[in-house]
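Okay, so here's the structure we're looking at.
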Amino acid sequence: MYLKIYFDDKPVYLCNEIDTELKEILHHPDAIFIDEVSAPAIKSLLHEIKKEAFHAGVLLHKDLDALKKDFFKQFDLIEAAGGIVQNDQKQMLFIYRLNKWDLPKGKVEKGENFEQAAIREVEEETGVNNLQLKNKIGCTYHTYSAFGKHFLKTTHWFHMRCSGDQTLVPQKEEHITAIKWIDRKDIEEPLENTYASIREIVERFRESKK
């Protein structure tokens, strides 16, 4: 079992065993392997990640929860929620933000659960309403730096359905400049210009619907 955390588009895996997929990753000459759970070891990896040649990192410990706890200590943590929204034609709703295609999502506010936050963020960022929450798809993890701090964001993703016959309104204050329903046959187009974490959750969703 492993947890994948993205640093830009480069992954770091926290795991309690090395499976076939991770073995293949570790064959890459620029992959980093660490089997010591300590603050210096983790900080060393975070330093390596900044190098352009860095391919992937794998941290191994028999107790994945303990590893996750120690790794997450290095960051300010943020909880977010969002949705993969489909209409009656099973088209998928994408937003265009900061020159990349993305899915609607945002920070969980005080007093909200993840489901409530996901619905609110989708409504605010796209203008859609009457959303039907279907099920949770999973979580993605990614990091970013701002104001001299390092953040790790956990995003909880939910499958939603709604009618496509409604007006889409991009939330301009969130730098959203376009919203589009994408046919299943055209899904590769936005996925070619998006974030690795978004590709991962979309592929996970598509696999679950086969």
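Derivation of every value follows stated rules applied to the coordinates shown; laboratory data play no part. Remember, it's a predicted structure, so these values are computed and weren't measured experimentally. Heads up, the Cβs are rebuilt from the backbone with ideal geometry, glycines too, and the neighbour counts pull from every protein chain shown.
Please work out if P40 is in a loop (DSSP other than H, G, I, E, B), of a type outside the set (A, V, I, L, M) and surrounded by fewer than 19 Cβ atoms within 10 Å (Cβ to Cβ). The answer is no for P40. Looking at the range 104-122, can you tell me whether even one residue there is of a type in the set (A, V, I, L, M, F, W, C) and assigned to a strand (DSSP E or B)? Within the range 104-122 (the criterion being of a type in the set (A, V, I, L, M, F, W, C) and assigned to a strand (DSSP E or B)), the answer is no, since none of the residues qualifies.
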